[in-house]
Amino acid sequence: MTDLILHHYWPSPFAHKVRLALALAGTSWTSVEIPRVPPKPLLMPLTANYRRTPVMQIGADIHCDTQNIARALAEAGHEDRLFPSGSRGRAMAISGWIDQAIAELAVRVVITSAIGTAPAEFIRDRGDLYFGPGWTEDGLKAGFDGVVLQLGAQLAHAESMLADTGYLDGSTPSWPDVTLAFVAWFLRGRWNGGGALLSRYPHIEKIEAELASDSAGSYREMTAEEALAVARAATPQSPRGIDNPACNLAIGQRVVIRPRGASSDPDITGQLRFMDMTRLSIDHESDETGAVAVHLPLAGYAVRAG
Ligand SMILES: N[C@@H](CCC(=O)N[C@@H](CS)C(=O)NCC(=O)O)C(=O)O
């Protein structure tokens, strides 16, 4: 099978989500380390300017966003391990809720608690990315206690969902549990109040511990230059076409894509290649990569003619 090349950095929580999924899938993978803040000159030629972490490369097919990466892993033969209950839709919905409702608050807590210790450039970059225009360090600090209360409430909902089987979807670990486990890993590792908060949620801690047991899985390292050469030597294998009645765009049309909401993310641009009900793909070309296909989820991203 073609290599699963993960472009990531080890402290990245969303990358950890995918590392846990790779371990759950029991598959080997290839690690390319990328910078924590831009510039990312050896990544962004591959992604048509998507700057976030992680990115999964399969030859000349470039998968952005963890929800879309989970789908790519399922399509690469790991459906049974990631979505054992048979309902990928339900699993994606639960995972999406955890990303939006819990991870978002966890990021706010961790970044706020890092003010004064993390490099100012890092705080500025993440503030512009996550908190919208006009955010301030003082505003984050003033809201901190209230955010911790909200986070605790959302974790309590997740904890109660685990009461029956110990897992979020069925009776074995799956993609939604991976999502909860990455948030727990992030809170525990990066906020000194994380351990105390999590100790209120024994079912969540159990999932965290179970999935962490082999969290790096089996991987080898590759340089970013080698990964670009892999893309150059390959051609995209993903399909073309539109299978979405709400799509008013045509194949080959130039499109602009942005994460929903106000953020400093750069525009992602390319020619529309594919759209079904949950995925959007564009064709993109650069000297470094040749022709690649870049894939994103529709949920959470705004696309328009460009
Ligand atoms: N919705 C995205 C969120 C990814 C995300 O925000 N990742 C963080 C790192 S954990 C990020 O990109 N930070 C800025 C960067 O790495 O440049 C996903 O599920 O992949």
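Is at least one residue of region 117-127 farther than 24 Å from VAL37 by Cα and either in contact (Cβ under 8 Å) with a residue 40 or more places away in the chain or touching a helix residue (DSSP H, G or I) at 6+ places or on another chain (Cβ under 6 Å) (or both)?
No, because not a single residue in region 117-127 is farther than 24 Å from VAL37 by Cα and either in contact (Cβ under 8 Å) with a residue 40 or more places away in the chain or touching a helix residue (DSSP H, G or I) at 6+ places or on another chain (Cβ under 6 Å) (or both).
Here is a list of conditions, (1) within 28 Å of ALA93 (Cβ to Cβ); (2) in contact (Cβ under 8 Å) with a residue 24 or more places away in the chain; (3) hydroxyl-bearing (Ser, Thr, Tyr), and SER213 meets all of them except one; can you say which number that is?
With (1) within 28 Å of ALA93 (Cβ to Cβ); (2) in contact (Cβ under 8 Å) with a residue 24 or more places away in the chain; (3) hydroxyl-bearing (Ser, Thr, Tyr) applied to SER213, the lone miss is (2).
Output the qualifying pairs, or none if there are none: Cβ atoms under 8 angstrom, residues six or more apart or on different chains, first residue in region 34-50 and within 15 Å of ASP125 (Cα to Cα), second residue acidic (Asp, Glu) and in a helix (DSSP H, G or I).
Close Cβ pairs satisfying both conditions: VAL37/GLU121; VAL37/ASP125; PRO38/ASP125.
Could you tell me which residue of region 107-143 is farthest from the chain's Cα centre (by Cα), considering only residues that are in a helix (DSSP H, G or I), exposed (fewer than 15 other Cβ atoms within 10 Å of the Cβ) and within 14 Å of the ligand (Cβ to nearest atom)?
GLU121
State whether the residues of region 256-274 include one that is crowded, with 17+ Cβ neighbours inside 10 Å, away from the ligand (no atom under 16 Å from the Cβ) and within 20 Å of the chain's Cα centre (by Cα).
Checked against the condition, which is being crowded, with 17+ Cβ neighbours inside 10 Å, away from the ligand (no atom under 16 Å from the Cβ) and within 20 Å of the chain's Cα centre (by Cα), region 256-274 yields no hits at all.
Could you tell me whether PRO297 is in contact with a Phe, Trp or Tyr (Cβ under 9 Å, 6 or more places away or on another chain), within 16 Å of the ligand (Cβ to nearest atom) and not β-branched (Val, Ile, Thr)?
no
Residues in region 259-266: is at least one closer than 17 Å to LEU43 by Cβ, assigned by TED's automatic domain parsing to the domain that holds PRO54 and polar (S, T, N, Q)?
Yes.
Just give me the residues in region 162-178 being assigned to a helix (DSSP H, G or I) and out of contact with any Phe, Trp or Tyr (no Cβ under 9 Å at 6 or more places or on another chain), in sequence order.
VAL178
The values are calculated or read from the model by the stated rules, or taken from the named source; none is laboratory data. Owing to the predicted nature of the structure, the values given are computational and were not obtained by experimental measurement. Cβ: placed from backbone, ideal geometry, glycine included. Neighbour counts: every protein chain shown.
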